Amino acid sequence: MRRRTGAAMGIGENDFLALRLILDNAAEGRRTSAKDVSAYVGVSSASTTALIDRLVRGGFIERRTNDADRRSVDLVPTRAAFGDTGPLKIAQEQIAVQAAELSEEEAQTVTRFLTKMRRTVDGIGAQRHANRPERP
(Lines give C-alpha, C1' and ligand atoms only; values in the text may rest on other atoms or scores of the structure.)
Protein backbone atom coordinates (compact mmCIF):
# COMPACT_ATOMS: atom_id res chain seq x y z
CA MET A 1 0.00 0.00 0.00
CA ARG A 2 2.88 2.38 0.82
CA ARG A 3 4.46 1.72 -2.54
CA ARG A 4 1.23 2.39 -4.42
CA THR A 5 0.41 5.54 -2.46
CA GLY A 6 3.94 6.82 -2.96
CA ALA A 7 3.78 6.01 -6.67
CA ALA A 8 0.49 7.89 -6.96
CA MET A 9 2.22 10.87 -5.35
CA GLY A 10 5.25 10.53 -7.62
CA ILE A 11 7.67 9.57 -4.83
CA GLY A 12 9.52 6.38 -3.91
CA GLU A 13 8.86 4.13 -0.93
CA ASN A 14 11.66 5.56 1.23
CA ASP A 15 10.49 9.08 0.42
CA PHE A 16 6.97 8.09 1.43
CA LEU A 17 8.23 6.58 4.71
CA ALA A 18 10.14 9.77 5.49
CA LEU A 19 7.13 11.93 4.66
CA ARG A 20 4.92 9.82 6.95
CA LEU A 21 7.46 10.27 9.77
CA ILE A 22 7.55 14.03 9.23
CA LEU A 23 3.74 14.26 9.09
CA ASP A 24 3.25 12.05 12.16
CA ASN A 25 5.81 14.02 14.15
CA ALA A 26 4.23 17.32 13.13
CA ALA A 27 0.79 16.04 14.17
CA GLU A 28 2.24 15.11 17.59
CA GLY A 29 4.09 18.42 17.94
CA ARG A 30 7.53 16.82 17.56
CA ARG A 31 10.36 18.15 15.45
CA THR A 32 11.97 16.05 12.72
CA SER A 33 15.62 16.33 11.71
CA ALA A 34 17.55 14.73 8.88
CA LYS A 35 19.13 12.45 11.50
CA ASP A 36 15.63 11.28 12.54
CA VAL A 37 14.78 10.49 8.92
CA SER A 38 18.07 8.65 8.40
CA ALA A 39 17.51 6.47 11.47
CA TYR A 40 13.86 5.79 10.64
CA VAL A 41 14.35 4.91 6.98
CA GLY A 42 17.70 3.19 7.58
CA VAL A 43 19.79 4.95 4.95
CA SER A 44 23.08 6.86 4.96
CA SER A 45 23.27 10.59 5.57
CA ALA A 46 24.09 11.16 1.88
CA SER A 47 20.99 9.19 0.82
CA THR A 48 18.95 11.07 3.41
CA THR A 49 20.06 14.41 1.98
CA ALA A 50 19.03 13.32 -1.52
CA LEU A 51 15.69 12.02 -0.18
CA ILE A 52 14.98 15.31 1.63
CA ASP A 53 15.96 17.28 -1.49
CA ARG A 54 13.38 15.29 -3.50
CA LEU A 55 10.64 15.95 -0.94
CA VAL A 56 11.49 19.67 -0.92
CA ARG A 57 11.50 19.83 -4.75
CA GLY A 58 8.17 17.98 -4.79
CA GLY A 59 6.66 20.62 -2.51
CA PHE A 60 5.92 18.12 0.29
CA ILE A 61 8.26 19.54 2.95
CA GLU A 62 10.45 22.53 3.65
CA ARG A 63 13.57 23.06 5.71
CA ARG A 64 13.27 25.53 8.58
CA THR A 65 15.95 26.71 10.95
CA ASN A 66 15.21 25.49 14.48
CA ASP A 67 14.31 28.51 16.62
CA ALA A 68 15.88 26.99 19.75
CA ASP A 69 19.12 25.95 18.03
CA ARG A 70 19.90 28.06 14.97
CA ARG A 71 22.51 25.48 13.87
CA SER A 72 19.92 22.74 13.33
CA VAL A 73 17.27 22.41 10.66
CA ASP A 74 13.76 21.03 11.13
CA LEU A 75 11.86 19.28 8.36
CA VAL A 76 8.31 20.58 8.20
CA PRO A 77 5.42 19.37 6.02
CA THR A 78 3.92 21.92 3.68
CA ARG A 79 0.21 22.57 3.31
CA ALA A 80 0.33 20.56 0.08
CA ALA A 81 1.34 17.45 2.03
CA PHE A 82 -0.53 18.08 5.28
CA GLY A 83 -3.58 20.04 4.18
CA ASP A 84 -7.09 18.97 3.29
CA THR A 85 -6.19 18.70 -0.38
CA GLY A 86 -2.84 16.97 0.09
CA PRO A 87 -2.21 13.63 -1.60
CA LEU A 88 -2.04 11.74 1.70
CA LYS A 89 -5.33 13.23 2.84
CA ILE A 90 -6.99 12.18 -0.42
CA ALA A 91 -5.60 8.64 -0.08
CA GLN A 92 -6.80 8.46 3.53
CA GLU A 93 -10.29 9.56 2.52
CA GLN A 94 -10.47 6.91 -0.20
CA ILE A 95 -9.35 4.24 2.26
CA ALA A 96 -11.90 5.46 4.83
CA VAL A 97 -14.71 5.07 2.27
CA GLN A 98 -13.73 1.44 1.72
CA ALA A 99 -13.37 0.78 5.46
CA ALA A 100 -16.82 2.24 6.15
CA GLU A 101 -18.36 -0.51 4.03
CA LEU A 102 -17.07 -3.24 6.38
CA SER A 103 -19.36 -4.81 8.94
CA GLU A 104 -18.31 -4.54 12.60
CA GLU A 105 -17.13 -8.15 12.57
CA GLU A 106 -15.16 -7.65 9.34
CA ALA A 107 -13.56 -4.50 10.73
CA GLN A 108 -12.48 -6.31 13.91
CA THR A 109 -10.98 -9.15 11.87
CA VAL A 110 -9.08 -6.74 9.63
CA THR A 111 -7.87 -4.77 12.66
CA ARG A 112 -6.56 -7.91 14.37
CA PHE A 113 -4.81 -9.00 11.19
CA LEU A 114 -3.20 -5.61 10.52
CA THR A 115 -2.09 -5.29 14.14
CA LYS A 116 -0.37 -8.68 13.96
CA MET A 117 1.26 -7.78 10.64
CA ARG A 118 2.48 -4.43 11.96
CA ARG A 119 4.03 -6.08 15.02
CA THR A 120 5.70 -8.67 12.82
CA VAL A 121 7.10 -6.10 10.39
CA ASP A 122 8.22 -3.83 13.26
CA GLY A 123 10.05 -6.79 14.79
CA ILE A 124 11.74 -7.61 11.51
CA GLY A 125 12.76 -3.97 11.06
CA ALA A 126 14.15 -3.76 14.60
CA GLN A 127 16.07 -7.00 14.09
CA ARG A 128 17.44 -5.77 10.75
CA HIS A 129 18.69 -2.54 12.33
CA ALA A 130 20.20 -4.43 15.29
CA ASN A 131 22.13 -6.69 12.90
CA ARG A 132 23.33 -3.86 10.67
CA PRO A 133 27.11 -3.34 10.90
CA GLU A 134 28.34 -0.03 12.29
CA ARG A 135 29.33 2.51 9.66
CA PRO A 136 32.87 3.90 9.92
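The values are calculated or read from the model by the stated rules, or taken from the named source; none is laboratory data. Because the structure is a prediction, the values reported are computed rather than measured. Heads up, the Cβs are rebuilt from the backbone with ideal geometry, glycines too, and the neighbour counts pull from every protein chain shown.
Just a few scattered comments:
- Contact map, segment 17-44: residues that are in contact (Cβ under 8 Å) with a residue 60 or more places away in the chain paired with residues that are outside any helix (DSSP H, G or I) and surrounded by 15 or more Cβ atoms within 10 Å (Cβ to Cβ), Cβ distance under 6 Å, separation 6+ or inter-chain. Pairs shown: 19/60; 23/77.
- Checking the stated criteria, residue 20 turns out not to satisfy the condition of being of a type in the set (D, E, K, R), over 11 Å from the mean Cα position of the chain (by Cα) and either modelled with pLDDT under 95 or surrounded by 15 or more Cβ atoms within 10 Å (Cβ to Cβ) (or both).
- Residue in segment 2-13 that is out of contact with any Gly (no Cβ under 8 Å at 6 or more places or on another chain), at pLDDT 85 or above and crowded, with 17+ Cβ neighbours inside 10 Å present: no
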